[in-house]
1. Restricting the first residue to region 351-372 and requiring it to be under 30 Å from D3 (Cα atoms) and among the hydrophobic types (A, V, I, L, M, F, W, C), which pairs with a second residue that is at pLDDT below 75 and surrounded by fewer than 18 Cβ atoms within 10 Å (Cβ to Cβ) meet a Cβ separation below 8 Å and a spacing of at least six or different chains?
2. Taking R5 as the residue in question, decide whether it is of a type in the set (D, E, K, R) and out of contact with any Leu (no Cβ under 9 Å at 6 or more places or on another chain).
3. Would you call G143 in contact with a Lys or Arg (Cβ under 8 Å, 6 or more places away or on another chain), more than 20 Å from R357 (Cβ to Cβ) and surrounded by fewer than 20 Cβ atoms within 10 Å (Cβ to Cβ)?
4. Quick check on my filter: what residues within region 2-39 are outside any helix (DSSP H, G or I), under 25 Å from the mean Cα position of the chain (by Cα) and touching a residue at least 12 places away in the same chain (Cβ under 8 Å)?
5. Out of V95, V101, which single residue is under 24 Å from the mean Cα position of the chain (by Cα) and under 16 Å from V177 (Cβ atoms)?
6. Being part of a loop (DSSP other than H, G, I, E, B) and closer than 14 Å to A171 by Cα is the filter here; which residues of region 121-143 pass it?
7. Quick one: in region 262-276, which of the residues that are loosely packed, with under 13 Cβ neighbours inside 10 Å and of a type in the set (S, T, N, Q) is farthest from A126 (Cα to Cα)?
Amino acid sequence: MADLRKYWVGFNLVKGIGGVRLRTLIEAFNGDLEAAWWAAPQDLLAAGMSKRLTANLVELRAAVSLDQIWDSIQARGIQVLTWEDEGYPRRLREVDYAPPVLYVRGELCPEDDWAVAVVGTRRVTAYGRQVTEQLAQALASNGVTVVSGLARGVDGIAHRAALEAGGRTLAVLGCGVDRVYPPEHRQLAEAIGQSGALLSDYPMGTPPEARNFPPRNRIIAGLTLATVVVEAGERSGALITAEFAAEQGREVFAVPGSILAPQSRGPNRLIQQGAHPLLRAEDILETLELTLIAEHRQARRSLPADATEARLFEILGPEPMHVDEIRARADLPIETVTAALTMMELKGMVRQAGGMRYYAVGESGASYETQD
């Protein structure tokens, strides 16, 4: 799979080729991105590429080595997820213009399906700070993943509060995941990578340019069940995130504030336009029917359902193991092993480390009796 992913990364580097054009190429070349990457200019033009984009691709592929780029990504411990990967976030896959490629530092989990975005101004007030801390801590304590953009102000406060509550948090960046912006959030970014993930659809090395941030807000909204705007001016990027959430059919909450405070003009306007006024964290849990999330998570971590799952769980440990080695040790058909691993991953019993390598969640070698 790694050899195929490097071509996704290659097209991600070509200026002007986004999801729509990449999907056109995939269809034109019958799903073979390697063939599309090395195609002759006339074949690219026949596939619907403009002369400018064709020239961009030809110039780039002559200037870069995809093997070297892929090796650099792997050396940094960064995952690459594409539309074709099972690990690609399910909720993000559902939205229009979902990014073809995601770069991930850290780990995405099935539990991240239950996620809420908490966003707002960089110039947060004492009121906004208090509300953000209480909200993020309450969400994290109830098993909800907190998603934000690692920016100064509300974003950084939300990430820290979720971590302090022992929960998960995801940060979506407007630059490559090998960079941190703002630089004073470097330690915060490291902590997020340990208890969640840093994500971006921008290639490695991409600087944090201003034009990158509005598009990344679409990903923040797409990853989540709902977006909460704590404080925001009337032209804030947080309102762009809320707009994307509404377009995607997701819920929008806004924290009401003083009509005299500039930071409350954005949330107050959202409420006027139909957003849910957020008065307490329970409002989110009840509206999204997340009050039973603990029960949902427990169901995913249920005991092995049969002898196959029990055998695989016994074989797996904390270190990732390739599916071929798992199959050999279990002495089972590969299709039986892969089907069981897929179900166990959904339950949260195992996780995939990339490259068809799996590891157990919890103590290895545990003894279970199979269910009737």
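The values are calculated or read from the model by the stated rules, or taken from the named source; none is laboratory data. Just so it is clear, the structure is predicted and the values come from calculations on it, not from any experiment. For neighbour counting, all protein chains shown are included, and Cβ atoms are generated from backbone atoms with ideal geometry for every residue, glycine included.
1. Here the result reads M356/M1; V361/R301, each pair linking region 351-372 to a residue that is at pLDDT below 75 and surrounded by fewer than 18 Cβ atoms within 10 Å (Cβ to Cβ).
2. Numbers: of a type in the set (D, E, K, R): yes; out of contact with any Leu (no Cβ under 9 Å at 6 or more places or on another chain): no.
Spelling it out, it is not the case that R5 is of a type in the set (D, E, K, R) and out of contact with any Leu (no Cβ under 9 Å at 6 or more places or on another chain).
3. Working: in contact with a Lys or Arg (Cβ under 8 Å, 6 or more places away or on another chain): yes; more than 20 Å from R357 (Cβ to Cβ): yes; surrounded by fewer than 20 Cβ atoms within 10 Å (Cβ to Cβ): yes.
In short, yes.
4. Answer for region 2-39, where residues must be outside any helix (DSSP H, G or I), under 25 Å from the mean Cα position of the chain (by Cα) and touching a residue at least 12 places away in the same chain (Cβ under 8 Å): V14, K15, G16, I17, G18.
5. Values: V95 fails: under 16 Å from V177 (Cβ atoms).
When all the criteria are applied, what remains is V101.
6. Taking region 121-143 and keeping what is part of a loop (DSSP other than H, G, I, E, B), we get 121-125, 142-143.
Listed by number, the list is empty, since nothing qualifies.
7. Step one: filter region 262-276 for residues loosely packed, with under 13 Cβ neighbours inside 10 Å, giving 272-274.
Those still in the list that are of a type in the set (S, T, N, Q) too: 272-273.
Values: Q272: 24, Q273: 26 Å.
Looking at residues that are loosely packed, with under 13 Cβ neighbours inside 10 Å and of a type in the set (S, T, N, Q), I get Q273.
For (1) outside the structural domain of V229 (by TED's automatic domain parsing); (2) within 16 Å of V255 (Cβ to Cβ); (3) in contact (Cβ under 8 Å) with a residue 60 or more places away in the chain; (4) in contact with a helix residue (DSSP H, G or I) (Cβ under 8 Å, 6 or more places away or on another chain), each residue gets a yes or a no:
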{"residue": "W114", "(1), (2), (3), (4)": "no, no, yes, yes"}
{"residue": "V118", "(1), (2), (3), (4)": "no, yes, yes, yes"}
{"residue": "T121", "(1), (2), (3), (4)": "no, yes, yes, yes"}
{"residue": "L135", "(1), (2), (3), (4)": "no, yes, yes, yes"}
{"residue": "A140", "(1), (2), (3), (4)": "no, no, no, yes"}
{"residue": "V147", "(1), (2), (3), (4)": "no, no, yes, yes"}
